[in-house]
Amino acid sequence: MSIAGGIAKAAENVVSMKANTMQIFSRNPRGSGYKTYSRQETDAFLKIRSANQFGPLLAHAPYTMNLASEKEEVYTFACMVIREDIARMDALGMEMLVFHPGSHTGIGTEKGIENIIAGLNQAITGQEQITVLLETMSGKGTEIGASFEELKAIRDGVKHPERIGICLDTCHVFAAGYDIVHDLDGVLEEFDRVLGLELLRAIHFNDSMMPFASHKDRHATIGDGMIGSDALIRIIQHPMLKELPFYLETPLDDVGHKQEIQNIREKIGEIR
Ligand code: FE
Ligand code: FE
Ligand code: ZN
């Protein structure tokens, strides 16, 4: 994930890592600022992406954005960010924007979900090309979105559900108590029953430092966590998932990520 150095540089990085998609932050992940890309920069980016046949690209909304909040300042800010970033990322040609549904901080899940729905409704016009993804969460604190049912309730409540999809984070669902290690098919069946597998648009591909159902969100590098390499390789090779874009959010720098991608490709037999 990167934003520093510009978007053309980030795309070049992807090529050098032998990856074919990327996730960027739509703005400063821990603040509110963003860079406006020059025409030249945007053109360079578009050229690299088409020359290298990138798959669908994903933008990630900032962590400071809490659409579930009841606090006026927090909520007004979140509404502004989601509205602006849907428009900005759509204009940039990003296929998807993912966000953390939010934390209700005491007002309860139901009220939190109402706030999220209202926030999305003031942001999505129905005219955009971009799909807005709800991320599956670990359920730490008062986080909303640790169950498929909560994500379903958000999607069902919005005016333009056709613009909403799901991003499954392997670390988060494991920490939330979905057993992707011993019963991947069962979890996918449940996803299909509650949400519909056609809504699954992206995978955040991470191992988990924290144990199953711990409701703690700590990413580990692939194979170095509690999910483990075998289970993660089964996920990336699963017939229902393997055509989806996978995005690493593991705690590594660019050099580490390049190696990690190569290791994964070797394990799934793309490199012998
Ligand atoms: Fe996320
Ligand atoms: Fe994630
Ligand atoms: Zn996480």
Against the globular-protein guess of 2.2 N^0.38 Å, express the Cα radius of gyration of region 165-233 as a ratio, rounded to two decimals.
1.04
Give the percent of DSSP beta bridges with both residues in the chain that are antiparallel, rounded to the nearest 5.
15
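Based on DSSP H assignment, which helices of the chain show an axial Cα extent of at least 27 Å together with a mean Kyte-Doolittle hydropathy greater than or equal to -1.0? Mind showing how you got there, number by number?
On the way: long enough: 72-92 (30 Å, 0.34).
Taking the DSSP H segments of the chain (at least 27 Å long, mean hydropathy at least -1.0), we get 72-92.
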Among Gly93, Gln40, Gln237, pick out the residue whose Cα is farthest towards the positive end of the charge dipole of the chain, where Lys and Arg carry +1 and Asp and Glu carry -1 on C-beta, about the Cα centre.
Gln40
For region 114-148 versus region 153-201, the gap between their alpha-carbon centres in whole angstrom
13
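Take the chain, mark every one of the GluC sites (Glu not before Pro) that falls in a DSSP loop and has at most 13 other Cβ within 10 Å, then report the longest stretch left between them, sites excluded. Don't skip to the answer; put the middle values down first.
Values: sites that count: Glu243, Glu270.
The answer is 1-242.
For region 26-131, state which chymotrypsin sites (Phe, Trp or Tyr not before Pro) are in a DSSP loop and have at most 14 other beta carbons lying within 10 Å of their beta carbon. Mind dumping the intermediate values first?
Working: sites: Tyr34, Tyr37, Phe45, Phe54, Tyr63, Tyr75, Phe77, Phe99; in loops: Tyr34, Tyr37, Phe54, Tyr63.
Passing both the DSSP loop test and the Cβ count: Tyr63.
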Once R0 is set to 35 Å, what does the formula 1/(1 + (r/R0)^6) return for the Cβ-Cβ distance between His215 and Thr125, expressed as a FRET efficiency to the nearest 0.05?
0.50
Region 152-192: which trypsin sites (Lys or Arg not before Pro) are DSSP loop and have at most 15 other beta-carbon atoms within 10 angstrom?
Lys159
In bins 5 Å wide, starting from 0, what share of all Cα pairs of region 46-195 does each bin hold, as a percent?
2, 10, 19, 21, 19, 14, 9, 5, 1, 0
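When each pair of different Cα atoms in the chain is counted once in the 1/r mean, what is the Kirkwood radius in angstroms, to one decimal?
Details: mean 1/r = 0.0529 Å⁻¹.
Result for the chain stands at 18.9 Å.
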Among Ser16, Ser50, Ser208, whose mean-square fluctuation peaks in a Gaussian network model of the chain (Cα, cutoff 10 Å)?
Ser50
What nm value, rounded to one decimal, do you get for the distance between Val15 and His238 when each label is placed 7 Å out toward the C-beta?
3.4
Of the candidates Gln122, Thr142, Ser69, the farthest towards the positive dipole end of the chain (Lys/Arg Cβ +1, Asp/Glu Cβ -1, centred on the Cα centre) is Gln122
Whole angstrom only: what separates the Cα centroid of region 1-71 from the Cα centroid of region 226-272?
21
Cross-link reach from Lys258 to aspartates and glutamates, straight Cα distance under 16 Å and at least 8 residues apart if same chain, gives Glu12, Glu249, Glu266, Glu270
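Select from region 1-109 those trypsin sites (Lys or Arg not before Pro) which occupy a DSSP coil region and have at most 10 other Cβ atoms within 10 Å, ordered by residue number. Let's see the in-between values first.
Details: sites: Lys9, Lys18, Arg27, Arg30, Lys35, Arg39, Lys47, Arg49, Lys71, Arg83, Arg88; in loops: Lys18, Arg27, Arg30, Lys35, Lys71.
Qualifying residues, ordered by number: Arg30.
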Using alpha-carbon pairs under 8 Å, 6+ residues apart, how would you state the relative contact order of region 84-158 in percent?
39
Probe 1.4 Å, accessible area per residue of the chain, Å²
46
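Mind checking the dipole of region 61-174: about its Cα centre, +1 per Lys or Arg Cβ, -1 per Asp or Glu Cβ, Debye to the nearest 20? Walk me through the numbers on the way to the answer.
On the way: 9 positive and 17 negative charges, 6 e Å.
Rounded to the nearest 20 debye, it is 20 debye.
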Set Lys9/Lys159; Lys18/Lys216; Lys152/Lys216; Lys18/Lys159; Lys47/Lys242; Lys9/Lys140, cut-off 28 Å on Cα-Cα distance; pairs above it are Lys9/Lys159; Lys18/Lys216; Lys18/Lys159; Lys9/Lys140
Send over the semi-axes of region 25-105's equivalent ellipsoid, whole angstrom and largest first, taken as the square roots of 5 times the C-alpha gyration tensor eigenvalues.
28, 13, 9
Subtracting the Cα-Cα distance of Arg39 and Asp192 from 0.36 nm times their residue separation yields 50.9 nm
Most fluctuating of Gly102, Gly228, Gly112 in the GNM of the chain (C-alpha, under 10 Å) is Gly228
In debye to the nearest 20, how big a dipole does the chain give about its Cα centre with +1 on each Lys and Arg Cβ and -1 on each Asp and Glu Cβ?
780
Choice from His238, His104, His215 with maximal GNM fluctuation in the chain (Cα, 10 Å cutoff)
His238
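The values are calculated or read from the model by the stated rules, or taken from the named source; none is laboratory data. What you are looking at is a predicted structure, and each value in this text was computed from that prediction instead of being measured. Reconstructed Cβ throughout: ideal geometry from the backbone, glycine too, with neighbour counts over all protein chains shown. Ligands, DNA and RNA are excluded from the accessible area calculation, which covers all protein heavy atoms including side chains. Shrake-Rupley method; radii C 1.70, N 1.55, O 1.52, S 1.80 Å.
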